[in-house]
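The block underneath contains the structure these notes are about, expressed in structure tokens.
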């Protein structure tokens, strides 16, 4: 297990370096994890149901994995689980099941319990975890290594690694036209993420302009529902903002009522099925006085012109959009933390009250 790096007290914090390190981390995985992905795929082909289990950011990766395995990997049986729910109300498991546990550092209590439960039930097991993690890999039939352990408590590089691993698995299992698209795009993924990182200067300006926002809503649909969940979590972890991540249509059915001039609504808006519905919500949010922003594909003037701030990313299919479209939101989370004078690496444990609160729970 790696030793945590020393705390930093000014930019660049560890979170920033982790975000910028994502293209190289993806390149390593594509080059060096093909064998481990192939071994996991061989197991998956011989089971009847696949369970992808994680907590926090790892649950968000599990949601993306479910989408990819059901749409590309020919596995309509795949299901994402929150690891607490998996342990509290476990499914009936047998040797016909595969349980894939997503765990960045291998230390989360309920993810470890999920792996142990699956093993005891006779299911095939796998773990997708970081390089040098504390995960008990002796309990796993297959192990996929993602990235270095995140040096920041706001996980970024390891989340991208987890989604990359699940994308590689879906591509290995898929034999459809979508599978071919995914394989081709995976080879370009480091460059796609590098392209998304080029928006950093614009994102810094966006963070400066919105430091006084009281509440943030992030919305997405399809696999980018997970993106909305993830950026909302990162905002809470890194800059302590009041945020909520929502599926696009779900935002309209209730939460929209609390939208006003104190809010910013950020739309994760690739040009996929749903692109017309997001136009409706962009107009509605502006009408009630909210500030609006969107992550859009380069050249998408239709949606760019409807919001106060538009951040463009390279063209990518919906399959890998959760990785590419998340990058600007990771950067926004980081630079807003600096605007609000917070250290994004600490999980707020530099606050004595939050340090004392840890006596009441174990992660």
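Rule-based calculations on the coordinates, nothing more; no lab input. The structure presented is a predicted model; accordingly, all values stated were derived computationally and were not measured. Glycine gets a Cβ as well: all are built from the backbone with ideal geometry, and neighbour counts include every protein chain shown.
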Average Cα contact separation per residue, segment 14-190, under 8 Å, 6 or more apart, as relative contact order % | 30
Using a Förster distance of 35 Å, the FRET efficiency for residue 273-residue 138 (Cβ separation, nearest 0.05) | 0.20
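In what sequence, highest mean first, do 159-169, 42-52 appear when ranked by Cβ atoms within 10 angstrom?
On the way: 159-169: 28.7, 42-52: 17.9.
My ranking of the peptides, most packed first, is 159-169, 42-52.
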Pop the C-beta distance of residue 92 and residue 39 into the FRET formula with R0 = 45 Å and round what comes out to the nearest 0.05.
-> 0.95
Do you know the relative contact order of the chain, to the nearest whole percent, from alpha carbon pairs under 8 angstrom that are 6+ apart?
-> 18
Helix 177-197 sits at what angle to the longest principal axis of the chain, using alpha carbons and giving 0 to 90 degrees rounded to 10?
-> 50
Hull surface over four for the Cα convex hull of segment 14-190, reported in nm², is 8.8
Paramagnetic reach from residue 27 (point 7 Å along Cα→Cβ, amide N under 19 Å) across segment 171-196 = 184-196
Residue separation times 0.36 nm, minus the C-alpha to C-alpha distance between residue 198 and residue 341: what's the value?
-> 49.1 nm
Two-site label geometry, residue 315 and residue 257: point separation in nm, points 7 Å out along Cα→Cβ | 4.3
What number, in percent, do you get for the relative contact order of segment 198-339 if the mean sequence gap of Cα pairs under 8 Å and at least 6 apart is divided by its residue count?
-> 30
After finding the eigenvalues of the alpha carbon gyration tensor for segment 247-363, what semi-axes result from the square roots of 5 times each, listed largest first in whole Å?
-> 31, 19, 14
Which semi-axis lengths, in whole Å and largest first, follow from the square roots of five times the eigenvalues of the Cα gyration tensor of the chain?
-> 31, 24, 19
Taking Cα centroids, how far is segment 199-238 from segment 36-115 in Å?
-> 27
Fluctuation leader among 239, 224, 205 - the chain, Gaussian network, Cα springs under 10 angstrom | 205
Sites residue 351 and residue 85 - FRET efficiency at Förster radius 25 Å, r taken between beta-carbons, to 0.05 = 0.30
Ranked by GNM mean-square fluctuation in the chain (Cα springs under 10 Å), the top entry among 284, 337, 61 is 284
Ellipticity estimate at 222 nm from DSSP helix runs (n ≥ 4, -39,500 (n - 2.57)) divided over the chain, nearest 500 = -14000 deg cm²/dmol
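If you take the Cα Rg of segment 198-268 and divide it by 2.2 N^0.38 Å, with N the number of residues, what do you get?
Values: Rg = 12.2 Å, N = 71, 2.2 N^0.38 = 11.1 Å.
Dividing the Cα radius of gyration by 2.2 N^0.38 Å gives 1.09.
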